[in-house]
Amino acid sequence: MNTIRLYCRSMGLQIRSQLQYPASFLMQTLAQLVMEGGEFMALMLVIDRFDRLNQWMPGDLFFFYGLMSVTFYLTECFGRGITGAFPYMIRTGQLDTLLVRPRGVLIQVFCSAADPRRIACIAVGVASMVLGSIQARIAWSLPKALLLLESIAFGFLLILGLFLIEASLVIWSVKSVELTNTLTYGGRSACDYPIDIYPRPLRILFTVVAPFALVLHVPAAWILGKPLYGWPAWAAFLCPLAGAVSFGLFYALFRRALRHYRSTGS
Amino acid sequence: MSYITVEHLRKTFTVRKKKDRGFLAREKTTVEALKDVSFTVKQGELVGYIGPNGAGKSTTVKVLSGILTPDSGAVRIGGRVPWLERKEHVRRIGVVFGQRTQLWWDVPLLDSYDLLREIYRVPEADFRRRMNELSEALDLGSLLRTPLRQLSLGQRMRAELCGSLLHCPELLFLDEPTIGLDAVSKLALRDFLQWENREKGTTILLTTHDMEDIAALCRRVMVLGHGSKLFDGALEDLYARYRNALPVQELTVQYPNIDHVIAAMYQELGL
């Protein structure tokens, strides 16, 4: 309970810190809106050329795209400590200041940064989901709404977990490792689209290693009324838990890496 | 029973150096930051820990504050092993890194302190009492609503001290706290440390290059060089022993530059 309060108060502090420079904040948020909005426009143009992609209609594709955007940018907004600030903390030795406080390291890293500018990207994602929902004529019900929330929540965990791989490698190599970006940012770009349009190796990668397919696509397909792989409803509710499993595994890796931390000079 | 016991502490780092030739070739060398350091500190002592850059002072502080795990040796502080019981240990200590802030850059000090209160789970009433006490002793009253980034170096150091003492630690590590401070700020800081040590019985381990800090505060000094403890005792004894090594112009100064003493020590030990 205390930990959640600590997190909320830290986020408040981080967001207030950013708002200390209102002009900069506004301009950067606007820039993000233009960038993300531009990408969405491009997607609309492309989708406009197709009648369908496998079994998916344009509305379905917008929904998939929006779900991924919302989940990913929510993670970047509220998990910035892990998705962005951590490598810098290792390189400068700032992690020392966290280690001398009586709290878990991960929670403190989590609390150490926020990126409220991402609100622009989240807004574009929401717009895409709404558009998709209207075009695909989703008949919303309570289970569907709950499943959507579940999917976003576990997606959040999954993405944090993937960034923890990078965090772990950074402790060993001090400098940031771009390799893991194939899973994080690469995963985001690839899994904007439903998984079944990809060849087998990629399907395996994004089902087993970075299970975006299980966490986001299976629930999304069920919400759209087109069960992926013909899996039943209970599977749609169960699959997102894979996000928590991934997070747990990568967190264990992170714990091991932390024992190798060696700080920097004074 | 000593409060801090350090026995045969060793810590090595592997450093990769770039070779003269070759684009990616790196040479691996092992640097012994600490080789067999032992000492004890009693509760309520104020100990100066001096030595040239790279002597292993910061490494010692990092091991003692639970940041680093040593290669071998035993450390007990208040009955705890710092790196094994990190959370329990750091709840009872405060650390000030001279070069690194622990507060939040863009928000008023009070907000930073409030978050620290949350982190250390200090009860509201205790926090308010301690806050009053510290802000008076450190003369922070008018600064509490100012963001950290707008403070001068001296003000910032006072703010850092306040932040690291809010949870009433039994033990305080100070890593070069007076670095870059003017005379007035230094004096104020020393007064405060004496006050904290006397009134609260806080054990303080102070690393510094400033001999006046040591002379004003510490009855006991430990000198570290090349990862070994070279001297442990009173400052006067240290100077008395190496008086011959001091150049003439330093003899008239009350607290001669420690560099000459250390140079003489190195020569004596053949380091």
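Quick notes on this structure:
- Of all aspartates and glutamates in the structure, the ones whose alpha carbon falls short of 14 Å from that of B:LYS17, not counting any fewer than 8 places away in one chain, are B:GLU27.
- Proximity of backbone amide H atoms, modeled 1.01 Å from N, is registered between B:SER228 and B:LYS35 at under 5 Å, excluding neighbours fewer than 5 places apart on the same chain.
- Residues of region A:1-17 that bury at least 30 Å² of accessible area when the other protein chains are present, relative to the chain alone (probe 1.4 Å, heavy atoms, ligands and nucleic acids excluded): A:ASN2, A:LEU6, A:ARG9, A:LEU13, A:ARG16, A:SER17.
- Size of electric dipole in chain B: Cβ of Lys, Arg +1 and of Asp, Glu -1, about Cα centre, debye, nearest 20: 1020 debye
- By the rule of a C-alpha distance below 16 Å, with chain neighbours fewer than 8 residues away ignored, the aspartates and glutamates paired with B:LYS28 are B:ASP20.
- A crude spin-label estimate for the pair A:VAL34 and A:LYS226, with each label 7 Å from Cα along the Cβ direction, gives 3.5 nm.
- Among A:GLU166, A:GLU178, A:GLU150, the largest mean-square fluctuation in a Gaussian network model of chain A, built with springs joining Cα atoms closer than 10 Å, belongs to A:GLU178.
- Accessible area that becomes buried as B packs against A, both chains, 1.4 Å probe, Å², nearest 100: 3000 Å²
- Choice from A:GLY225, A:GLY186, A:GLY66 showing the highest fluctuation, given a GNM over chain A with Cα pairs closer than 10 Å: A:GLY186
- Residue-by-residue Karplus 3J(HN,Hα) for region B:190-203, coefficients 6.51, -1.76, 1.60, Hz, glycine and proline x: 4, 4, 5, 4, 4, 4, 4, 5, 6, 6, 9, x, 6, 6
- Loop-exposed trypsin sites (Lys or Arg not before Pro) per DSSP, neighbour cap 15 Cβ within 10 angstrom, longest uninterrupted part of chain B: B:146-218
- Cα-based shape type of chain B, given that a ≥ b ≥ c are square roots of the gyration tensor eigenvalues and the cut on a/c is 1.5: prolate
- Here B:ASP139 and B:ALA74 are evaluated by their C-beta separation; at R0 = 45 Å the FRET efficiency comes out at 0.65.
- The charge dipole of region B:126-271, taken about the Cα centre with unit charges on the Cβ atoms of Lys, Arg (+1) and Asp, Glu (-1), comes to about 360 debye, rounded to the nearest 20.
- Computing FRET efficiency as 1/(1 + (r/R0)^6) for B:VAL81 and A:MET41, where r is the C-beta to C-beta distance and R0 is 56 Å, gives about 0.40.
- Pairwise label distance in nanometres, A:THR3 with B:ASP232, each label 7 Å out on the Cα-Cβ vector: 4.0 nm
- Accessible area in square angstrom per residue, region A:2-259, 1.4 angstrom probe: 44 Å²
- A simple rule links phi to the HN-Hα coupling: the Karplus curve 6.51 cos²θ - 1.76 cosθ + 1.60 with θ = phi - 60°, which for region A:92-100 gives 8, x, 5, 4, 3, 5, 6, 5, 8 Hz, with x for Gly and Pro.
- Our coupling estimate for region B:132-149, obtained by passing each phi through the Karplus curve with A = 6.51, B = -1.76, C = 1.60 and θ = phi - 60°, is 4, 4, 5, 5, 6, 5, 9, 6, 9, x, 7, 9, 4, 9, 9, x, 4, 5 Hz, Gly and Pro reported as x.
- Straight-distance candidates among the aspartates and glutamates for linking to A:LYS226, with alpha-carbon spacing under 20 Å and chain neighbours fewer than 8 residues away dropped: A:ASP51, A:ASP60, A:GLU150, A:ASP192, A:ASP196.
- Shape call, region B:96-219: gyration tensor on alpha carbons, a/c limit 1.5: oblate
- Links that overshoot a 22 Å alpha carbon limit, given the list B:LYS11/B:LYS62; B:LYS42/B:LYS200; B:LYS35/B:LYS57; B:LYS11/B:LYS57; B:LYS62/B:LYS229; B:LYS42/B:LYS62: none
- Neighbour-limited loop hits for chymotrypsin sites (Phe, Trp or Tyr not before Pro), region B:88-187 (at most 14 other Cβ within 10 Å; DSSP other than H, G, I, E, B): B:TRP105
- Measuring heavy-atom accessible area with a 1.4 angstrom probe and counting protein chains only, the residues of region B:121-164 that give up at least 30 Å² relative to the chain alone are B:ARG121, B:ARG149.
- Cα-centre dipole for the protein assembly as shown with unit charges at Cβ (Lys and Arg positive, Asp and Glu negative), debye to 20: 1080 debye
- Coordinate range of the alpha-carbon atoms in the protein assembly as shown per principal axis, descending: 93, 56, 41 Å.
- Computed in the context of the full set of protein chains, the accessible area of the protein assembly as shown at 1.4 Å probe radius has 58% of its extent on carbon or sulfur.
The values are calculated or read from the model by the stated rules, or taken from the named source; none is laboratory data. The model shown is predicted, which means the values in this text are computed figures rather than measured ones. Ideal geometry is used to build each Cβ from the backbone, glycine not excepted, and the neighbour counts take in all protein chains shown. For accessibility, only protein heavy atoms count, side chains too; no ligands or nucleic acids. Shrake-Rupley method; radii C 1.70, N 1.55, O 1.52, S 1.80 Å.
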